[in-house]
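Data block below; observations after.
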Amino acid sequence: MKRCRFCNRNKPALAKAHVIPRSFFKIVRGQAKHSTEMRVTRNAMKATYRQAGHYDGDILCKECEQKFSSYDAHGHSVFTNVFKEPNIYRDAAGFECAYLLPDVDFLLLKLFVLSVLWRASVSRLFFYSKVDLGARHEAKIKSLIANGTIDDSDDYQFVCSHHKDHPYPNVILPPLSQKIGGINYVHLSLPNVQLLVKVDKRPMPDVFRKIMVTPNPPHYMVLFPFRGSSSQDYFEGMKAVIREHWATKGKERRAG
């Protein structure tokens with residue numbers, strides 16, 4: 001028997017539940033048969049081929065997994081349709097500042113973001129190991145998802161962004177907990193979309209309040225440069241580890 005992390009009931013078997021919905025991994029996969037997960041350390045490089053992306057067989061029963069389906073469907077619709085016919089917001093000087101998210105149902109979209117956040121926190125897969133919300137936030141978010149509602153707290157406001165000049169499109173990076181200005185956030189990654197979710201009772205700083213997704217339109221996906229971003233830091237760090245890995249292997253071959 002296994003215990004579902006959502007309903008807390010013991011079940012003979014749990015679902016192969018996706019933390020990030022399977023539909024997003026189809027974007028990563030493209031026309032190929034599989035998406036590829038790269039895990040790089042100084043001692044080893046490992047490529048895992050996944051037809052349906054990451055799933056975790058230890059978090060949700062089949063009945064509870066269905067509670068996420070409407071949220072996942074809306075999140076996928078918003079964060080893919082935005083690129084099909086981009087509606088661009090420009091400032092007074094004509095500079096492209098953001099894409100306008102299409103057909104947003106704020107309730108469904110926020111519950112989608114929270115559902116990915118919750119699943120990432122309770123999952124024990126290595127890919128999600130940098131996210132741990134703690135018992136209080138996990139319980140609160142689970143209650144919001146179960147009731148299909150959102151409260152008026154400032155705990156989980158979020159900003160979404162896109163790097164137009166990203167040299168590695170259609171990738172999903174591991175989510176990451178981080179502090180910005182002393183406030184706790186989780187950085188979630190979807191193909192071509194970055195989500196910064198505040199997991200903190202303190203109010204969103206003014207610099208983010210102007211661009212965060214709110215109940216009322218317009219809903220912005222802000223355009224940020226790739227250069228100088230946390231995504232660039234991640235890729236540059238990975239490339240440095242790969243170079244070090246192959247340099248070490250070369251030394252071992254020459255020594256042998």
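The values are calculated or read from the model by the stated rules, or taken from the named source; none is laboratory data. Remember, it's a predicted structure, so these values are computed and weren't measured experimentally. Here Cβ is always computed from backbone atoms with ideal geometry, including for glycine, and neighbour counts include all displayed protein chains. With ligands, DNA and RNA removed, areas are computed over all heavy atoms of the protein, side chains included. Shrake-Rupley method; radii C 1.70, N 1.55, O 1.52, S 1.80 Å.
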Item to check | Selection status of Tyr185, under 19 Å from the mean Cα position of the chain (by Cα) and under 24 Å from Pro225 (Cβ atoms) | outcome: yes
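For every residue, the table says whether it meets (1) without any contact (Cβ under 8 Å) to a residue 40 or more places away in the chain; (2) aromatic (Phe, Trp, Tyr).
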residue: Phe83; (1), (2): no, yes
residue: Ala92; (1), (2): yes, no
residue: Phe95; (1), (2): yes, yes
residue: Leu101; (1), (2): no, no
residue: Asn147; (1), (2): yes, no
residue: Asp155; (1), (2): no, no
residue: His162; (1), (2): no, no
By residue number, the members of segment 72-111 that are among the charged types (D, E, K, R) and more than 17 Å from the chain's Cα centre (by Cα) are Lys84, Glu85, Arg90, Asp91, Glu96, Asp103, Asp105
If you go through Leu111, Leu144, Leu125, Leu117, the only one that is touching a strand residue (DSSP E or B) at 6+ places or on another chain (Cβ under 9 Å) and open to solvent by less than 30 Å² (accessible area, probe 1.4 Å) is Leu117
Residues of segment 174-209 being part of a loop (DSSP other than H, G, I, E, B) and open to solvent by less than 20 Å² (accessible area, probe 1.4 Å), in sequence order, are Pro175, Pro191, Val199, Asp200, Met204
Checked Pro191, Pro215 against criteria (touching a residue at least 60 places away in the same chain (Cβ under 8 Å), under 18 Å from Val78 (Cα atoms) and over 17 Å from the mean Cα position of the chain (by Cα)); the one match is Pro215
Just checking, does segment 125-135 include any residue being without any contact (Cβ under 8 Å) to a residue 12 or more places away in the chain, within 21 Å of Ile20 (Cβ to Cβ) and in a helix (DSSP H, G or I)? no
Looking at the structure I just gave you, is Val82 buried (at least 19 other Cβ atoms within 10 Å of the Cβ), touching a strand residue (DSSP E or B) at 6+ places or on another chain (Cβ under 6 Å), more than 14 Å from Pro21 (Cβ to Cβ) and not hydroxyl-bearing (Ser, Thr, Tyr)?
yes
Of the residues in segment 51-83, those that are out of contact with any Leu (no Cβ under 7 Å at 6 or more places or on another chain) and of a type in the set (Asp, Glu) come to Glu63, Glu65, Asp72
Restricted to segment 149-170 and to residues being open to solvent by 30 Å² or more (accessible area, probe 1.4 Å) and of a type in the set (Asp, Glu), the residue modelled with the highest pLDDT is Asp165
